[in-house]
Each structure stands twice: as C-alpha cells, then as structure tokens.
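To keep things clear, I will list the structure first and then write my remarks on it.
The values are calculated or read from the model by the stated rules, or taken from the named source; none is laboratory data. For clarity, every value in this text was computed on a predicted model and none was experimentally measured. Because the Cβ atoms are built from the backbone with ideal geometry, glycine has one as well, and the counts that use them run over all protein chains shown.
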Amino acid sequence: MPSHQTQVVIIGGGPSGLLLSQLLHRKGISSIVLEKHSRAHVLGRIRAGVLEHGFVNLMREAGCGARMDREGEIHGGFRIAHQGRLDRVDLAKHTGGETVMVYGQTEVTRDLYAARDAMGGVIVHGAQNVQLQALMGARSYVTWDQDGEAQRADCDFIVGADGFHGVSRKSIPADVLKEYEKVYPFGWLGVLSETPPVSDELIYARHERGFALCSLRSRVLSRYYIQVPLTDRVEDWSDAAFWNELKRRLPDEVAASLQTGPSVEKSIAPLRSFVAEPMRYGNLFLAGDAAHIVPPTGAKGLNLAASDIHYLYHGLLDHYLRGDSAGLDGYSQKALARVWKAERFSWWMTNLLHRAPDGTDTDLRLQRAELDYLFSSEAALSSLAENYTGLPY
Ligand code: APR
Ligand code: PHB
C-alpha cells in the first residue's frame, strides 16, 4: 500500500478544506486534501455568495483575494420587502462602516483551487472509502482507495472538512457526539439566470404566499429563490411558473422591472439548523458543514466555515511554530460559541421572513410586529446589521 507522510490530512476539497490547506502551506505546514469527487463536480455546485469581512480578510491572508477584490461587489446594505413596503437595512450605518462582499462561492472555490495548484498543494480527487484511524493515538492515519488501489497517509492531525454528508463526523463515537437539529417545513427553489439583477442590492421578501430572495453573482448573472413546500420537486416548476410566482411575492415596482430568462441552474434545497458537539475528538477536528448547517436565510454557511478555519489555523500555527497547544485544546469551545450565535441569527431571520405552513393568524401578526419593531428601532437594526456583516472571530 502506497503510504504518505504529512502533518495534517484534510478530508474535503470544498472551501473549508482548501482554505485551511492554503493557509497552512504558506506557513510551511504540510497537508494533503482528500476529495471524493472530481474538481469539475466540486466547481459545479451553486452556493450562496455573501462574504463577511472576516472571510474576505482570510482569503486575502491566504493570497487568494485578488480576483475577489477585482470582481466582487461591496454591498453596504440590503432590502426587506414586507407589507407592501421596501425597507433598506443600512449595514454600514449600523456597524460603523462594515459591509459584505457579494462574490459567488463557486468563484471562491475556483480561486482556492488555483492558489493550491500554484503552490503545488497536494489535492487527491476521487478519494473513495476514506477511513479515519487511530484518532486517539499519538499519530493518526487515514486510508482510502484511489483508482482501485489502497492508500494510506500518516499524520499528526485530521481535519474533517467533508461537509454534512461526510465521513468525519460519523467517525466520532455515538456516545461522545451530541447532535442538535431543527428541520424547517419548507425548502428553497433556486434559479440561476444569465440576466441583469433586478436590484443593485439583495432583496429579501416576506409575503403571505411565502418567502422570496433576489440575489446576484454579477451584473449579468442573477440568483433568485422562492420558498416552496417540502413536497415540491424541481420538475414541478417550469421557468415560467417560477418567474410568475417570484413576481407575485415582490413589490409591484420590483416585479415590473424583473428581467426573466432561461434558468441555467434550478434546484430545491431543504432548510435545517444543525450542530454537532464536540468539534474535536482526539486528533480529529471538524470544520464547516461537517460540524454545522444553517438555513441559508442569513448567508452564514460559508462564513461559519471561515471562522472555524481561522481558529483551527491559528491553533495549528501555535502548536507547530510555538509548541503551544492551547488553541487546539480550546478550538471546539471557541468555534461552537460563534457557531451557536450564527445558528440563532439564521433561525431568527428564517422565522422573520418565511410563511410557516402551520402558522396561525397570531403567528402572522407577531411576525408583522417583529418587522415593524425592526424598522422602528435603531437598536434592532444594529443587531441585525452586526450579525449579517459578521460577529467578531
Ligand atoms: N471523502 C472525501 N471527500 C468528501 C467525503 C468523503 N467521505 N464526503 C464529502 N466529501 C467532500 C465533498 O465532495 C465536498 O467537496 O467534502 C467537501 C465538503 O465541502 P462542502 O460541502 O462545500 O463543505 P465546506 O467546505 O465546509 O463548505 C461550507 O459550503 O455547503 C456549503 O453552505 C455551505 O457555504 C457553506 C460551505
Ligand atoms: C445567494 O446569493 O445564493 C444567497 C444570498 C443571500 C442569502 C442566501 C443565498 O441569504
């Protein structure tokens, strides 16, 4: 069996794994990234593209920020459409100047892959049957099958950045792992279209027919969502049906200026809140979607992965360069503290804007009161703005 030696094995070639590998490599710490799928498959995923300033800074620190800074859009606010009104949340005003960067996650991942290639980073695509071994030992190892041949990598640490359906979280004994989950009774039907965005800022719509979101990837590529029942399938929705429903949930002046076009991608995603504790077991550290999932309403998925990677990166640096393992020992507690605050915000924003299928008239009235309070209170808007732009690491 071919054997490899490295300091850190990273399972998962998504944004989390690639970002950590890149940051470590720039400090002389070796890693191997094991990715189940091909690069084309990974880059074919369409995911949210609202980046907190913490993530933007990490990409720059990793030497991967040039195209993001060139092509990404700085957004100082977004709008909420509700009760026939279109109210703006001025992020910069309520945070002393903080903004978000709108830059597609596919492009983030593409930039990370390009940076890894430029540095000669070791990324194994097509790694099948990955198994984590000796997690409580002085050294650990990972085995996998590559083109039908068994492989092994010995390492000091394993980082599980393999997403919600990965193998890492499942490698923690059931009597150690505690999982928290809330599944929402609706999904998001998303469409990507090569059309100019309907607005220069994101519009989140709360409507009696259900939630809608107008987002973008660039000035010529738009991303739209509508809330749909969990029973809906993507084949139930023609492009025309999607555009008509989206328009019904938007203010008249917005719907009138919406440019429609053929969907270049159309999919339905479920919404869930999920957290696994602890995020460390022996030499294994969980990061990103492997440890937590948020409903996409608050655009926190990728941004939470970023703070995990920030904590893990500095913990590994201190361990290897200064012989100090306090950062690694405190990783799970520190990461979870920020994770749960983002889970709370994502849950709050989801309940604020979606129509609960079993919601009562009282629920609807309370939801309207929450929105009325939000836009009548500087304190409430400041709370929303600081969470949306990103709580401190
Ligand atoms: N072996 C190797 N690779 C695996 C395995 C496995 N057993 N299971 C999953 N993977 C790979 C997946 O193919 C995927 O490319 O791990 C990667 C995990 O990437 P993501 O799911 O994107 O998770 P993460 O890197 O944490 O990024 C979080 O992505 O899903 C969005 O909303 C989420 O924006 C957030 C971001
Ligand atoms: C997106 O552009 O896909 C997007 C933006 C903001 C969100 C969710 C998704 O809250």
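Kindly indicate whether any position in region 69-78 is away from ligand 2 (no atom under 16 Å from the Cβ) and assigned by TED's automatic domain parsing to the domain that holds Tyr103.
Yes; the residues of region 69-78 include at least one that is away from ligand 2 (no atom under 16 Å from the Cβ) and assigned by TED's automatic domain parsing to the domain that holds Tyr103.
Would you check if there is a residue in region 221-234 being assigned by TED's automatic domain parsing to the domain that holds Gln259, β-branched (Val, Ile, Thr), farther than 22 Å from Arg70 by Cα and within 12 Å of ligand 2 (Cβ to nearest atom)? Break it down into steps so the answer makes sense when it comes.
Of region 221-234, the ones assigned by TED's automatic domain parsing to the domain that holds Gln259 are 221-234.
Remaining after also requiring β-branched (Val, Ile, Thr): 226, 228, 231, 234.
Cutting the leftovers down to farther than 22 Å from Arg70 by Cα gives us 226, 228, 231, 234.
Keeping just the survivors that are within 12 Å of ligand 2 (Cβ to nearest atom) gives none.
No, there is no match, as no residue in region 221-234 is assigned by TED's automatic domain parsing to the domain that holds Gln259, β-branched (Val, Ile, Thr), farther than 22 Å from Arg70 by Cα and within 12 Å of ligand 2 (Cβ to nearest atom).
I'd like the full set of residues that are loosely packed, with under 15 Cβ neighbours inside 10 Å, within 30 Å of Asp69 (Cα to Cα) and among the aliphatic types (A, V, I, L, M), limited to region 111-157.
Ala114, Ala118, Met119
Residues in region 220-237 that are more than 13 Å from Ser193 (Cβ to Cβ) and not in a loop (DSSP other than H, G, I, E, B): how many?
The total comes to 6.
The conditions are (1) buried (at least 19 other Cβ atoms within 10 Å of the Cβ); (2) in a loop (DSSP other than H, G, I, E, B), and Tyr388 fails exactly one of them. Which is it?
Among (1) buried (at least 19 other Cβ atoms within 10 Å of the Cβ); (2) in a loop (DSSP other than H, G, I, E, B), Tyr388 violates only (2).
Would you mind finding the one in Asp154, Asp175, Asp145 that is part of a loop (DSSP other than H, G, I, E, B) and farther than 30 Å from Asp232 by Cβ?
Just one listed residue meets the conditions, Asp175.
Whether any residue in region 193-200 is touching a Phe, Trp or Tyr at 6+ places or on another chain (Cβ under 6 Å) and at pLDDT 95 or above is what I want to check.
no
Every residue, every condition in (1) surrounded by fewer than 19 Cβ atoms within 10 Å (Cβ to Cβ); (2) closer than 22 Å to Arg338 by Cα; (3) among the acidic types (Asp, Glu), yes or no:
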| residue | (1), (2), (3) |
| --- | --- |
| Arg60 | yes, yes, no |
| Arg67 | yes, no, no |
| Arg88 | yes, no, no |
| Lys93 | yes, no, no |
| Glu107 | yes, no, yes |
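Need the failing condition index for Ala306 against (1) of a type outside the set (Phe, Trp, Tyr); (2) outside any helix (DSSP H, G or I); (3) within 26 Å of Leu213 (Cα to Cα), just the number.
All conditions are met except number (2).
Checking the structure you have, find out if any residue of region 178-186 is touching a Gly at 6+ places or on another chain (Cβ under 8 Å) and over 20 Å from Leu18 (Cα atoms).
Looking only at region 178-186, we keep the residues that are touching a Gly at 6+ places or on another chain (Cβ under 8 Å), and these are 186.
So of that shortlist, the ones also over 20 Å from Leu18 (Cα atoms) come out as 186.
Taking every residue of region 178-186 in turn, at least one turns out to be touching a Gly at 6+ places or on another chain (Cβ under 8 Å) and over 20 Å from Leu18 (Cα atoms).
Does region 238-257 contain at least one residue that is β-branched (Val, Ile, Thr), buried (at least 19 other Cβ atoms within 10 Å of the Cβ) and in a helix (DSSP H, G or I)? Let's see the steps before the verdict.
Taking region 238-257 as the starting set, the residues that turn out to be β-branched (Val, Ile, Thr) are 254.
Narrowing further to those that are buried (at least 19 other Cβ atoms within 10 Å of the Cβ): 254.
Cutting the leftovers down to in a helix (DSSP H, G or I) gives us 254.
Yes; the residues of region 238-257 include at least one that is β-branched (Val, Ile, Thr), buried (at least 19 other Cβ atoms within 10 Å of the Cβ) and in a helix (DSSP H, G or I).
Within region 291-311, is even one residue surrounded by fewer than 19 Cβ atoms within 10 Å (Cβ to Cβ) and among the hydrophobic types (A, V, I, L, M, F, W, C)?
Looking for residues that are surrounded by fewer than 19 Cβ atoms within 10 Å (Cβ to Cβ) and among the hydrophobic types (A, V, I, L, M, F, W, C), one finds none in region 291-311, hence no.
Taking into account only those residues within region 204-220 that are touching a helix residue (DSSP H, G or I) at 6+ places or on another chain (Cβ under 6 Å) and more than 13 Å from Leu258 (Cβ to Cβ), which is nearest to ligand 2 (Cβ to nearest atom)?
Step by step, filter region 204-220, then rank; the result is Tyr204.
Examine region 295-313 for a residue that is over 19 Å from the mean Cα position of the chain (by Cα) and among the hydrophobic types (A, V, I, L, M, F, W, C), and state whether such a residue exists. If you could, list the steps in order and put the result at the bottom.
Kept after step one, since they are over 19 Å from the mean Cα position of the chain (by Cα), are these residues of region 295-313: none.
No, because not a single residue in region 295-313 is over 19 Å from the mean Cα position of the chain (by Cα) and among the hydrophobic types (A, V, I, L, M, F, W, C).
Tell me whether region 191-210 contains one or more residues that are small (Gly, Ala, Ser), farther than 26 Å from Trp348 by Cα and surrounded by 22 or more Cβ atoms within 10 Å (Cβ to Cβ).
Among the residues of region 191-210, at least one is small (Gly, Ala, Ser), farther than 26 Å from Trp348 by Cα and surrounded by 22 or more Cβ atoms within 10 Å (Cβ to Cβ), which makes the answer yes.
Of the residues Thr109, Thr143, Thr99, which is at pLDDT 95 or above, hydroxyl-bearing (Ser, Thr, Tyr) and away from ligand 2 (no atom under 16 Å from the Cβ)?
From the options Thr109, Thr143, Thr99, the qualifying one is Thr143.
Can you tell me which residues in region 9-65 are part of a strand (DSSP E or B) and away from ligand 2 (no atom under 16 Å from the Cβ)?
Once the filter is applied, which keeps residues that are part of a strand (DSSP E or B) and away from ligand 2 (no atom under 16 Å from the Cβ), region 9-65 yields Val9, Ile10, Ile11, Ser31, Ile32, Val33, Leu34, Glu35.
How many residues are within 12 Å of ligand 1 (Cβ to nearest atom) and more than 22 Å from Asn283 (Cα to Cα) when one looks only at region 117-144?
Counting residues in region 117-144 that are within 12 Å of ligand 1 (Cβ to nearest atom) and more than 22 Å from Asn283 (Cα to Cα) gives 2.
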